[in-house]
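Colleague: Attaching a single structure in structure tokens format; questions to follow.
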């Protein structure tokens, strides 16, 4: 059977567009709980985030087979995608079901039991929005509750032991048969998070240059000085790699940007329009407009006189 995932997968670089409440499940595995949310909450957009490509494929097939039209999936690391794929205060609920607790000390930052993750979730939840974690590791549930409370933006009741759940996943059923306990912590957003929105970078205006020294240069000569340029600032690095010119009225520049470990490879397209050189992010790479990506656009405006 041929599967068309166009309507269910959110391409890299694109943000979710939804008209109703948005529910996110982080690390949805085989998509079982995601399917439950889509079936019982037809008025909501249900968005799954998963780092495993195979799990994304299985969940996409599952949702399409069931005929759900309110499910969208994103492939990647939630620590990056929550920041760049969702607008602030756009989520009404977020769930994580039995994630890896990352018990080793060197993996502390991977845990949801961290103030950084609490701030990240808090920035994307609407006022009164909820985050729910289910786990079979008691200390993980307790640490997660404490991390969300310490952020100052959430309230949370005691961790629940073996609570009645609206849906019991395959793994939870298996663990119950083995006599293992489950724990659930639920946090409610009560105040705005103080974390700055690093994805907007202050909404700085893109500058264009009026340097007369480049006004008469060909496109290739305009862009060649930027090749190999490396921009390093706190939080991001940008490198301009290659130039691909098509005649003297269009070109692509390949760029790499890394924002706090979130690496993107993309192209900037430049074309001649009348007497103006216009640039835009090419659709091939679908980059998120992180601080690094915006810095690459400003650099091209400053050095080559490209307008965005």
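Colleague: Order of 46-53, 82-89 by packing, highest average Cβ count within 10 Å first?
Modeller: Numbers: 46-53: 22.1, 82-89: 19.4.
With the highest mean Cβ count within 10 Å placed first, the list reads 46-53, 82-89.
Colleague: Just order 63-73, 20-30, 283-293 by mean Cβ neighbour count inside 10 Å, highest at the front, would you?
Modeller: Details: 63-73: 17.0, 20-30: 21.5, 283-293: 19.5.
Those peptides, ordered most packed to least, come out 20-30, 283-293, 63-73.
Colleague: So how many Å³ per residue does the convex hull of the Cα atoms of segment 22-189 work out to? Walk me through the numbers before you get to the answer.
Modeller: Values: hull volume 19.3 nm³, N = 168.
Hull volume over Cα atoms, normalised by residue count, gives 115 Å³.
Colleague: Further question: Provide the packing ranking of 121-130, 225-234, i.e. peptides ordered by the mean count of other C-beta atoms within 10 Å per residue, highest first.
Modeller: Values: 121-130: 20.4, 225-234: 12.1.
Output ranking for 121-130, 225-234: 121-130, 225-234.
Colleague: Going by C-beta contacts inside 10 Å, put 32, 263 in order with the fewest on the left.
Modeller: On the way: 32 18, 263 11.
Least crowded to most crowded, the residues run 263, 32.
Colleague: Using only Cα atoms, what is the ratio of the radius of gyration of the chain to 2.2 N^0.38 Å?
Modeller: Numbers: Rg = 22.5 Å, N = 308, 2.2 N^0.38 = 19.4 Å.
The reported ratio for this selection is 1.16.
Colleague: Could you tell me how far the Cα centroid of segment 23-98 sits from the Cα centroid of segment 113-186, in Å?
Modeller: 17
Colleague: Same structure again: With contacts defined as alpha carbon pairs under 8 Å and 6 or more residues apart, what's the relative contact order of the chain in percent? Don't skip to the answer; put the middle values down first.
Modeller: Values: 589 pairs, mean separation 43.8, N = 308.
It comes to 14 percent, rounded to a whole number.
Colleague: What does DSSP give for segment 22-189 in terms of the percent of beta bridges that are antiparallel, rounded to the nearest 5?
Modeller: On the way: 11 of 30 bridges.
Taking every DSSP beta bridge with both residues in segment 22-189, the antiparallel ones total about 35 percent.
Colleague: Turning to a different aspect of this structure: Counting helices only, and only those DSSP H runs with n ≥ 4, report the 222 nm mean residue ellipticity of the chain as the sum of -39,500 (n - 2.57) divided by its residues, in deg cm²/dmol to the nearest 500. All intermediate terms of the calculation are to be shown ahead of the outcome.
Modeller: Working: 8 runs with 81 residues, N = 308.
Result for the chain: -8000 deg cm²/dmol, rounded to the nearest 500.
Colleague: Compute for segment 1-82: radius of gyration divided by Kirkwood radius, i.e. Rg/Rh, restricted to C-alpha atoms, rounded to two decimals. Walk me through the numbers on the way to the answer.
Modeller: Values: Rg = 11.4 Å, Rh = 12.5 Å.
Rounded to two decimals, Rg/Rh equals 0.92.
Colleague: On a 0 to 90° scale, report how tilted helix 138-150 is relative to the longest principal axis of the chain, with both axes built from alpha carbons and the result rounded to the nearest 10.
Modeller: Orientation of helix 138-150: about 60 degrees from the principal axis.
Only the coordinates and a few stated rules stand behind these numbers; no lab work does. Note that this is a predicted model, so its numbers are computed, not measured. Cβ: placed from backbone, ideal geometry, glycine included. Neighbour counts: every protein chain shown.
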